[in-house]
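The values are calculated or read from the model by the stated rules, or taken from the named source; none is laboratory data. Treat the numbers as computed from the prediction; the structure is a model and nothing was measured. Don't worry about glycine lacking a Cβ; one is built from the backbone with ideal geometry, like all the others, and counts go over all protein chains shown.
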Amino acid sequence: MTRRFFVTLSMTLCCTLLGVSFAQVRVFIGSTLRPDVIGPILEQFTAETGIETEIEEGGATTEVRDQYLSTILTSRSGDIDLYLMDVVNPPQYAAAGWAEPLGGYFESDAARDEFLEPFLDSVVAANTVDGQLYGIPAWTDAQFLYYRSDLLEKYGFEPPTTWAELKEQALAITEGEGDPNLQGFNYQGAAIEGTNCTFLEALWTAGGDWRAEDGSVTVDSDAGRTALAWYDDTLASGITKPGIAEETTDLSRQAFQAGDVVFMLNWGYAWALFQEGQEGEDTQVAGKVGVAPLPAFDGGESATCVGGFQWAMNPFGDSKEEAFQVMQYMASYDAQKELAISASHIPARDALYEDEAVLAAAPQFGQFFDVITNARPRPLTPFYGEVSELIRTNMNAFFARAQDAETTLAQMQSGLEDILEQ
Amino acid sequence: MNRLFRYAALLLVVVNGLFPAVWLLLTSFKTSGELRQLPITYWPENFTFGNYVSVFTENPFGRFLLNSAVVSVVATLLCVLFAAFAGYALGRLNLPGRRVILTLIVTTSMFPALVLLVPLYRLFVGVEIPWLSEVFNSPIFTPNLLNTYWALIIPYVALSLPIATLILTSFFQLIPQDLESAALVDGCTRVSALFRIVAPVSAPGIVTAAIIVFVNSWNEFLLALTFNTTLQMRTVPVGITLYQGEYAFPWAIISSAIMLGVLPLVVLIIFFQRRIISGLTAGGVKG
Amino acid sequence: MALQPKPYKRPGFWARLASGNPSEAQLGYLLLVPAFTVLALVMLYPILNVVWKSLHYEKLNNPARGTPFIGLENFHDMAWGEGLRWSVTHLLVWRLLLLGGVAALWATVRRRARGQAVGWTVLLLAVWALLGIHPGAEGEWNDPRFWNAFGVSLLIIVVSVLGSFVVGLPLALVADIKTRWRWLVRVALLLPWAMPPVLIGLMFAWLFQDQYGVVNDLLRRVGVEGPIWLARVVPAIVAVNYTLIWKTSSFVGLVLLAGLQSIDRGLYEAAEVDGASVAQRFWQITLPLLRPAIAVALIFRTLTAIQTFDVPFAMTRGGPGRALETLGIYVYNTTLTLDIGYAAALSVALFLLSLAITVFYLRWIYTE
């Protein structure tokens, strides 16, 4: 029994062994990152160059995707050649040796700079680690302030430019409408990546940053206190619902789409859903949504988190030259235009925001541009995983009212110092 | 009074067990819009089968079901067979050091699957076998198992072996020694005693073990996600997550997919339990 | 020359095997071969790999330090604190609960099985004592997150394992009743456990959601304003444990049901003739005969409870804050931060904890 089992086993195996791995460049794309749009672009590439490509889908959520990628890359497997990397990952992946440095694939540094010139500065900055380039921008994203344009108009408000204004308007509108389900201000407070942005955006717009020029951690600072005092205030004044600590990105989006929110912080994907809904899901806010740059505190400047994805090369792959050609192709004007039009991915190239075909298909990009230019990368450190875990966990405890602002800041301060010290 | 109490208990069990499932079932007939209505609705306002259609049109869900079925059935058969052997040895034979052996087997289930993932992946991609390479003077690798059924069957057998062995060991222990001794006196060999006497009597244990192995294999997520990456080789639990969006979680479609994934399991289990148990009582086994 | 009788020669190992009538031990070891082959094939290399890594510093995103061999330093970092104190008041509530458990245990098993009662009591008292250890005024745990996760896991083990038995045993008893509706009861028994665990957490997160959730909606209908379950510490702990019990009591029920089915009906009939009440029959026939099944369920419930990951992760990601960060979630978070060495060490710690419990249980099963 056992012997026959193993004979069959090894025969099956040999067959599959021969069956796979004829494709030249294997590209890993999360199933939610629109492989249906990227696929045809790759086919176009194959038609032009004769280089075979194959898409590998998998991992619906960021966690699952990261989990899969880290298994493959920790195993130093050459099973994939290219993958899409989240914007927060370049420093970590560079340090771990999981992303191939790309400088050497350009003819010269000048050629590299010329290639990168048309891309948004924030995106290029996020891909550069110690002067070396590790990823090529695929598309970008940012957190926007979404607002109900109909309600703001009804009460005669302009989109707020300071957080205090936002609170005032939210209070006026929720009181005026008298709908108990209507929330004034919604953001992400669950222990998810987006909650880091919730914190950083308030910190930045208060004129602070997580780290000073000299490298010392500056979370437990006046700016930090201003930021958390503001979030305390959103809960105390009732413009934010008490259960904000369980709010994830998509719960926020759904609440807004159901017409239950006046102001919301969220990523770019929400826009298209607000206008058209999706299969089986109606939208109550079509044509009633505006986006604005995030408000700031008095004396601060608007700022937001940069998001989006980058093409990165697996250093353990065995068709690197071909893979680099794919990357260049995917970053080209036409490919990014196609991604913007068909997948609503926010372009990483400045010029696409003025392209008529793009604006016709996605008019919101015109409004997005002002916000995108304010976008800043989240902490650029090889230890981002720990930094992120620390901030989101503490913020989540803060939003759950399990620890106060002072403790939260002190814990983040000392935790960050420990992380950077190693 | 006794009767009333009995039915109350039945009702409580049914409600507790079924409520979330019924909620999912009702959800699967709702439109996504209805899920975000306040106040929430229980009975679907616009009854729709659209979600079930979407399950099959968006992804090859039939193929997912087939894959899960193949993997789980084979893994269950192998696992229960091996576990029955081991359980018989540990539960009925006078084996020196059997507690140590049992502990050793159970031990393997104590590491989180997460940390075993990377080494297992390396193993399944194909590692060089040094001594064989030396013998043949060229590098010899273990076969690449990724994207085959074996990549899941083999680890599933291993992952469920500890519990199956433990269950069967304890059930074999329960069978009165006289029963087997009588068979031995009648001229049965140990092996035929195992198949003719012990196996039928311990049917509830075997069925239980089989159900547990089957459900474990059917629902396993992490390994299935990592080892079988082509769409054609996905299993149901991983397949279900493919209906998710980057941020969005379309409960209406997903609950339909869950229902479709659970249905074969439930049918199978009911069928199995009925057949085996009725067969057992009909046989009139008395200790 | 007298004919010498041929001396009896004990047949060799293979000869006996081939004859189809091997000795008991031979047969035993032979029957163990397939199981060991599979386990060795799949688990041996990964497990050795994890143990080996746990003795190294290996942090993929800190290549400057390389991957030196550091012996037991990971474990030292994890567990050893400076300036530890022991106090009566630390985690007083849990300790009182445990103490209550000890008392209840003594009361119930005093008459029978005194040896076991002693064993259990010693274990519970040891846990009780451990709960009193905490960092002193100036000292800190070297890794407070480990001890937090340890405590969270311990709580989940105690609550969810006990809970799944309190619910699972009646479930099994009810499912064993002969009625026309038995199939429905069986489905209800099996369904919670047959659903994919990854999605159970998500589903309950949704049921417990404060606005769109069913739980609070039902409470509202009877005029109670429910808590914000997943966004407050204590309600979140309640919700997660409820979910775990809901999911796992069906596993317990299943194993116990199989145990019940293998009990000879004749025993009950005899007892009924002797005039034993239902309760007497339960305590004197069912429970003792169910013991092996109980032990099996208990071992596996405990082992899986130690590794709890899916449900708290899906429901609150181990939050609020770190209120539900179990050891399983901690291992996961550590691997995601690419700290391979420490994650391996945590897994080994988890393994040792499980091993201690298993050895204890198996000793208990094999005492009679």
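Look through region C:262-272, keep the residues that are under 26 Å from B:PHE172 (Cβ atoms) and in a helix (DSSP H, G or I), and return whichever of them is modelled with the lowest pLDDT.
If we take residues in region C:262-272 being under 26 Å from B:PHE172 (Cβ atoms) and in a helix (DSSP H, G or I), then C:ARG265 is modelled with the lowest pLDDT.
Within the bounds of region A:271-293, is there any residue that is at pLDDT 90 or above and more than 24 Å from A:GLY176 (Cβ to Cβ)?
The answer is yes, given that some residue of region A:271-293 is at pLDDT 90 or above and more than 24 Å from A:GLY176 (Cβ to Cβ).
Farther than 20 Å from C:ASN333 by Cβ, assigned by TED's automatic domain parsing to the domain that holds A:LEU265 and out of contact with any helix residue (DSSP H, G or I) (no Cβ under 8 Å at 6 or more places or on another chain): does that describe A:ASN186?
no
Which one is farthest from A:ASP298 (Cα to Cα), of the residues in region A:154-174 that are under 27 Å from the mean Cα position of the chain (by Cα) and crowded, with 19+ Cβ neighbours inside 10 Å?
Among those that are under 27 Å from the mean Cα position of the chain (by Cα) and crowded, with 19+ Cβ neighbours inside 10 Å, it is A:ALA170.
Does B:LEU117 meet the test of being within 14 Å of chain A (Cβ to nearest Cβ), closer than 22 Å to B:ASN228 by Cα, of a type outside the set (Asp, Glu) and crowded, with 19+ Cβ neighbours inside 10 Å?
Judged against the criteria, B:LEU117 is a match.
Looking at this structure, is A:GLY224 touching a residue at least 12 places away in the same chain (Cβ under 8 Å), more than 22 Å from the chain's Cα centre (by Cα), in a strand (DSSP E or B) and crowded, with 16+ Cβ neighbours inside 10 Å?
So A:GLY224 fails the test.
Residue under question is B:THR169, and the condition is that it be modelled with pLDDT of 90 or more, touching a Gly at 6+ places or on another chain (Cβ under 6 Å) and assigned to a helix (DSSP H, G or I); does it hold?
no
Residue check: is A:ASN394 out of contact with any Asp or Glu (no Cβ under 8 Å at 6 or more places or on another chain), crowded, with 18+ Cβ neighbours inside 10 Å and at negative phi?
For A:ASN394, the condition - out of contact with any Asp or Glu (no Cβ under 8 Å at 6 or more places or on another chain), crowded, with 18+ Cβ neighbours inside 10 Å and at negative phi - is met.
Condition test on B:SER278, is it within 25 Å of A:TYR269 (Cβ to Cβ) and either modelled with pLDDT of 90 or more or out of contact with any strand residue (DSSP E or B) (no Cβ under 6 Å at 6 or more places or on another chain) (or both)?
No: the conditions fail for B:SER278.
Go through region B:193-205 residue by residue and tally those that are part of a helix (DSSP H, G or I) and either facing another protein chain (nearest Cβ under 9 Å) or more than 15 Å from B:TYR88 (Cα to Cα) (or both).
5
Quick one: A:ALA245 ticks every box in (1) assigned to a loop (DSSP other than H, G, I, E, B); (2) in contact with a Gly (Cβ under 9 Å, 6 or more places away or on another chain); (3) within 12 Å of another protein chain (Cβ to nearest Cβ) except a single one, so which number is it?
Condition (1) is where A:ALA245 drops out.
Report, by residue number, each residue of region B:24-60 that is buried (at least 16 other Cβ atoms within 10 Å of the Cβ), facing chain C (nearest Cβ under 10 Å) and either among the hydroxyl-bearing types (Ser, Thr, Tyr) or in a helix (DSSP H, G or I) (or both).
Matches in region B:24-60: B:LEU24, B:THR27, B:LEU35.
All but one of (1) surrounded by fewer than 23 Cβ atoms within 10 Å (Cβ to Cβ); (2) free of Cβ contacts under 8 Å to residues at least 60 places away in the same chain hold for A:GLU386; state the number of the condition that does not hold.
With respect to (1) surrounded by fewer than 23 Cβ atoms within 10 Å (Cβ to Cβ); (2) free of Cβ contacts under 8 Å to residues at least 60 places away in the same chain, A:GLU386 is out only on (1).
Identify all residues within region C:273-322 that are assigned to a loop (DSSP other than H, G, I, E, B), farther than 24 Å from B:PHE111 by Cα and in contact (Cβ under 8 Å) with a residue 60 or more places away in the chain; write none if there are none.
Correct list: C:PRO320, C:GLY321.
Hey, among the residues in region C:236-255 that are within 11 Å of another protein chain (Cβ to nearest Cβ) and over 23 Å from C:PRO320 (Cα atoms), which one's surrounded by the fewest Cβ atoms within 10 Å (Cβ to Cβ)?
If we take residues in region C:236-255 being within 11 Å of another protein chain (Cβ to nearest Cβ) and over 23 Å from C:PRO320 (Cα atoms), then C:PHE251 is surrounded by the fewest Cβ atoms within 10 Å (Cβ to Cβ).
Does A:ALA125 fit the bill of being under 15 Å from the mean Cα position of the chain (by Cα), surrounded by fewer than 20 Cβ atoms within 10 Å (Cβ to Cβ) and farther than 27 Å from A:LEU228 by Cα?
The answer is yes for A:ALA125.
Quick one: C:HIS56 ticks every box in (1) touching a strand residue (DSSP E or B) at 6+ places or on another chain (Cβ under 6 Å); (2) modelled with pLDDT under 80; (3) under 30 Å from B:PHE111 (Cα atoms) except a single one, so which number is it?
Of (1) touching a strand residue (DSSP E or B) at 6+ places or on another chain (Cβ under 6 Å); (2) modelled with pLDDT under 80; (3) under 30 Å from B:PHE111 (Cα atoms), only one is false for C:HIS56: (2).
Report yes if C:ILE299 is closer than 23 Å to C:PHE165 by Cα and either more than 13 Å from the chain's Cα centre (by Cα) or buried (at least 24 other Cβ atoms within 10 Å of the Cβ) (or both), otherwise no.
Answer is yes for this residue.
Which numbered condition trips up B:THR142, out of (1) more than 7 Å from every other protein chain (Cβ to nearest Cβ); (2) out of contact with any Asp or Glu (no Cβ under 9 Å at 6 or more places or on another chain); (3) not charged (D, E, K, R)?
Unmet condition: (2).
Taking A:GLU100 as the residue in question, decide whether it is out of contact with any Cys (no Cβ under 9 Å at 6 or more places or on another chain), over 30 Å from C:LYS59 (Cα atoms), modelled with pLDDT of 90 or more and charged (D, E, K, R).
So A:GLU100 does not fit the description; no.
Would it be correct to say that A:PRO347 is out of contact with any helix residue (DSSP H, G or I) (no Cβ under 8 Å at 6 or more places or on another chain) and either at pLDDT 90 or above or not assigned by TED's automatic domain parsing to the domain that holds A:PHE115 (or both)?
Here the answer is no, as A:PRO347 does not meet what is asked.
Testing A:LEU145 on (1) touching a residue at least 12 places away in the same chain (Cβ under 8 Å); (2) on the phi > 0 side of the Ramachandran plot, one condition comes back false. Which one is that?
Going through the list (1) touching a residue at least 12 places away in the same chain (Cβ under 8 Å); (2) on the phi > 0 side of the Ramachandran plot, A:LEU145 breaks only (2).
Which numbered condition trips up B:PRO250, out of (1) at pLDDT below 85; (2) out of contact with any helix residue (DSSP H, G or I) (no Cβ under 8 Å at 6 or more places or on another chain); (3) not basic (Lys, Arg)?
For B:PRO250, the failing item is (2).
The rows are residues; the columns are (1) at pLDDT 90 or above; (2) within 9 Å of another protein chain (Cβ to nearest Cβ); (3) buried (at least 22 other Cβ atoms within 10 Å of the Cβ); (4) part of a helix (DSSP H, G or I).
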position	(1), (2), (3), (4)
C:LEU324	yes, no, yes, no
C:ALA344	yes, yes, yes, yes
C:LEU353	no, yes, no, yes
C:PHE360	no, no, no, yes
C:GLU368	no, no, no, no
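Please tell me if A:PHE369 is within 30 Å of A:GLN92 (Cα to Cα) and within 14 Å of chain C (Cβ to nearest Cβ).
Against the criterion (within 30 Å of A:GLN92 (Cα to Cα) and within 14 Å of chain C (Cβ to nearest Cβ)), A:PHE369 does not qualify.
Search region C:96-116 for residues that are part of a helix (DSSP H, G or I) and pair each with any residue that is modelled with pLDDT of 75 or more and aliphatic (A, V, I, L, M) when their beta-carbon atoms are under 7 Å apart and the residues are at least 6 apart or on different chains.
If the second residue must be modelled with pLDDT of 75 or more and aliphatic (A, V, I, L, M), the pairs left are C:LEU98/C:LEU124; C:LEU98/C:VAL127; C:GLY101/C:LEU124; C:VAL102/C:LEU124; C:VAL102/C:LEU125.
Which members of region B:248-270 meet the condition of being within 26 Å of A:THR249 (Cβ to Cβ), more than 10 Å from chain C (Cβ to nearest Cβ) and assigned to a helix (DSSP H, G or I)?
Correct list: B:ALA252, B:ILE253, B:SER256.
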